[in-house]
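Notes follow the structure.
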Amino acid sequence: MKFIFVTGGVVSSLGKGLTAAALGTLLENRGLKVALQKFDPYLNVDPGTMNPYQHGEVYVLDDGAETDLDLGHYERFTNVKLTRMNNLTSGQVYQTVLNNEREGKYLGKTVQVIPHVTDEIKNRIHLLAEKTKADVVITEIGGTTGDIEGLPFLEAIRELALDVGYTNAIFLHVTYVPFIRAAGELKTKPTQQSVAKLREIGIAPHVLVCRCERPLDKELRQKISLFCNVPVEAVIEEKDVDHSIYEVPLMLQRERVDDLVCRLLGLHTPVANMAHWQEILRKLVAPQHRVRVAVVGKYIGLQDAYKSVYEAIIHGGIANDSGVEIVRVDSEEIEKDGAAAKLSGFGGILVPGGFGERGVEGKILAAQYARENKVPYLGLCLGMQIATIEFARNVLRLNKAHSTEFDLNTPHPVIAMLDEQKRVTKKGGTMRLGAQSCQLALGTKAAELYGSFVINERHRHRYEFNNAYRERFEKAGFVFSGLSPDGKLVEVIELKDHPFFVASQFHPEFLSKPHQPHPLFRGFIAAAHQNTHGRAV
Ligand code: GLN
């Protein structure tokens, strides 16, 4: 069993997760079985209780774990199936250690960061290795070298490398080489300092992945090599991508990082065949068609809040050989200026998931605009609830219809809390979470797109369609195209007499990959294309 530890230096947001995922892709394509794991040094048990402004998207796994968005990159770039074992936070580590202490498992010892906390961290790496039987476990440590809260994780991986031997574990440090405009130069000092910081705690990186805006020339590579004590071929350039994050695996392959890693770990494999990635990239760089779609949300300014949604839209584009321009529209601006002012001219309109009342009325206006003007609409989770409320108010004329999430006293609670949720008092990990199966109805757009009647999709919500209203909706042309196997929960809806108006209570965006675009996104972009160009692709 081999281990690769990925750390980050200088600044956050360097794309360590992407680098780890891209390395995973390359190793998988060399025929290795890979496991990917993320450690987050914060004290929240999971990111599920964090605001998108704090954390970006919460990525949900099949088993219902609410995890860091880097796990989304892992699943999109590789074939790994992740579970809650793949994301560990300091909060979870301390929770386990404290429970052990209360149960008397430490046999009277003083419980300390070293060895108890660090042992628990090491345990979690070994457990994943044993469970997945992977050839290589890639563990990414969140945060930046020098953070106080990251220290126990760094200590744990230092010890683990010592335990398993240096031919079985390597350290890959992702660092930043800034371009200083005034000097017209790339600067290596921050990298030198962050490597020095790592060495202070006993970790000497084997590979330095240098994030930069400009190419790293030979001289700079030699300088970094000399000052950071790594061979020059282990100084890897990872320049900002021109077109897409899906370039990263190909970029790293050109830098031969996978060759190097395999050599260091004594893994003998053929070179990675990346032909299918090249084809994906071709479609991204030079697509046959172009469409524009609007994403209507309230965290529009935030790059990471709807990460998987944006990625899945791009995958839908790949499936249709279409470049997609995604325009983020703030739902509160629709409230101010009206839907026509903000939404005309788009091939399609997408309303993603969300919580809380702010901006909801703007989203309802967006759904109404899409329905009335026959603009393709894809609703995700809250986006399905919004479509329901809009239909209730404007087609069924149910005055003040709403979700009880936003108006407890609405005369028409067309979206209401799940019964099982009414007893829940704790906030963390208590929603309807994870993969559940759903039955699709014959003759619906959903069944046609999936090409199947039974699907499995991931959930994260507390509210549902209120069955007391089902008949009234159905009579008016609102189609319940997907239901839970017992028929009790509405999972997918669509509209008759509309080119594409589909919405799901689940989050299809979590299951889309560039090489396996999700059927709903494929269908949405095809419809957006047809709307824009007047013909099907
Ligand atoms: N707020 C809604 C609910 O809890 C929708 C959640 C979501 O979009 N993820 O049901």
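The values are calculated or read from the model by the stated rules, or taken from the named source; none is laboratory data. What you are looking at is a predicted structure, and each value in this text was computed from that prediction instead of being measured. Counting neighbours? That spans all protein chains shown, and the Cβs are built from the backbone with ideal geometry, glycine included. Heads up: the accessible areas ignore ligands, DNA and RNA and are worked out on the full protein's heavy atoms, side chains in. Shrake-Rupley method; radii C 1.70, N 1.55, O 1.52, S 1.80 Å.
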With +1 on the Cβ of every Lys and Arg and -1 on the Cβ of every Asp and Glu, the dipole magnitude of region 345-471 about its Cα centre, in debye rounded to the nearest 20, is 260 debye
By how many nm would the segment from LYS426 to SER244 grow when fully extended, if each residue of separation counts as 0.36 nm and the alpha-carbon distance is taken off?
61.6 nm
Would you please classify the overall shape of region 419-478 from the alpha carbon gyration tensor, given that a ≥ b ≥ c denote the square roots of the eigenvalues, rounded means a/c under 1.5, and beyond that prolate means a/b larger than b/c while oblate covers the rest?
oblate
If eta is 0.692 mPa s and T is 37 °C, what Stokes-Einstein diffusion coefficient results for region 467-516, Kirkwood Rh from Cα pairs, in µm²/s?
267 µm²/s
Need the full-extension length gain, LEU43 to ARG472, defined as separation in residues times 0.36 nm minus the C-alpha distance. One decimal, nm.
149.7 nm
For region 328-451: lysine pairs with Cα atoms under 27 Å, gap of 8 or more or different chains, count?
14
For the chain, the per residue accessible area (1.4 Å probe, Å²) is 41 Å²
Quick one: helix 275-285 against the long Cα principal axis of the chain, what's the angle to the nearest 10°, folded into 0 to 90?
60 degrees
So for the chain, averaging the separation of alpha carbon pairs under 8 Å that are six or more residues apart and normalising by length, what relative contact order in percent results?
15 percent
Just to confirm my numbers, what's the Cα centroid distance between region 351-401 and region 33-82 in Å?
29 Å
Hey, any idea what % of region 172-261's accessible area is carbon plus sulfur with a 1.4 Å probe?
48 percent
Let me know the charge dipole size of region 405-504 about its Cα centre in debye, to the nearest 20, where only the beta-carbon of Lys, Arg (+1) and Asp, Glu (-1) is charged.
380 debye
Please state the shape class of region 420-530: rounded when a/c is under 1.5, otherwise prolate if a/b exceeds b/c and oblate if not, all from the C-alpha gyration tensor.
oblate
For PHE3, which sequence-distant residues (separation of 5 or more, or a different chain) have an amide H within less than 5 Å of its own amide H, given hydrogens modelled in the peptide plane?
VAL137, ALA169, ILE170
Could you check how much of the accessible area of region 361-490 is carbon and sulfur, as a whole percent, using a 1.4 Å probe?
49 percent
About the Cα centre, charge dipole magnitude for region 39-123 (Lys/Arg +1, Asp/Glu -1 at Cβ), debye:
320 debye
Cα gyration tensor of region 1-85 diagonalised, 5x eigenvalues square-rooted, in angstrom largest first, produces semi-axes 22, 16, 11
Residues with amide H under 5 Å from that of CYS210, placed H, sequence gap 5 or more
THR175, ILE236, GLU237, GLU238
Dipole of the chain [Lys/Arg +1, Asp/Glu -1 at C-beta], most positive-end residue of VAL136, GLY72, ALA526:
ALA526
For the chain, build the charge dipole from Cβ charges (+1 Lys, Arg; -1 Asp, Glu) around the Cα centre, then report which of PRO413, THR25, TYR450 sits farthest towards its positive end.
TYR450
Which cross-chain or sequence-distant (5 or more) residues have an amide H under 5 Å from the amide H of MET50, H modelled 1.01 Å from N in plane?
none
If unit charges are put on Cβ atoms (+1 for Lys and Arg, -1 for Asp and Glu) and the dipole of region 467-537 is taken about its Cα centre, the option from PHE473, HIS515, LEU483 lying farthest towards the positive end turns out to be HIS515
Kindly provide the helix-only [θ] at 222 nm of the chain, computed as the sum of -39,500 (n - 2.57) over DSSP H runs of four or more divided by all residues, to the nearest 500 deg cm²/dmol?
-11000 deg cm²/dmol
I'd like to compare 365-373, 201-209, 412-420: which one has the highest average count of other Cβ atoms within 10 Å, and what's the full order after that?
365-373, 201-209, 412-420
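Would you mind classifying region 281-344 by shape? Square roots of the alpha carbon gyration tensor eigenvalues, ordered a ≥ b ≥ c; an a/c under 1.5 is rounded, otherwise it is prolate if a/b is larger than b/c and oblate if not.
Oblate.
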For region 210-286 the mean separation of alpha carbon contacts under 8 Å (6+ apart) over residue count, i.e. relative contact order in percent, is 27 percent
Sorted from largest to smallest, which semi-axis lengths in Å does the alpha carbon gyration tensor of the chain give for its equivalent ellipsoid, taking the root of 5 times each eigenvalue?
43, 28, 20
Just to be sure I follow: if Rg is taken over the C-alpha atoms of region 115-180 and Rh is the Kirkwood radius over the same atoms, what is Rg/Rh?
1.02
Given a 1.4 angstrom probe, I'd like the percentage of the accessible area of region 1-80 that is carbon and sulfur, rounded to a whole number.
48 percent
Say R0 is 56 Å: what FRET efficiency, to the nearest 0.05, do ILE180 and ARG263 get from their beta-carbon distance?
0.95
HN-Hα couplings for region 30-36 via Karplus (6.51, -1.76, 1.60; θ = phi - 60°), in whole Hz with x for Gly/Pro, come out as 9, x, 8, 8, 10, 10, 10
Using alpha carbons only, how many angstrom separate the centre of region 302-338 from the centre of region 479-537?
15 Å
List, in the order given, every pair from LYS131/LYS513; LYS33/LYS81; LYS307/LYS513; LYS38/LYS307; LYS218/LYS239 whose Cα-Cα distance in the structure shown is over 21 Å.
LYS131/LYS513
Roughly speaking, what is the stretch gain from ASN79 to ASP407, that is 0.36 nm per residue apart minus the C-alpha to C-alpha distance, in nm to one decimal?
113.9 nm
Region 182-220-region 264-300 distance, computed between alpha-carbon centres (Å):
27 Å
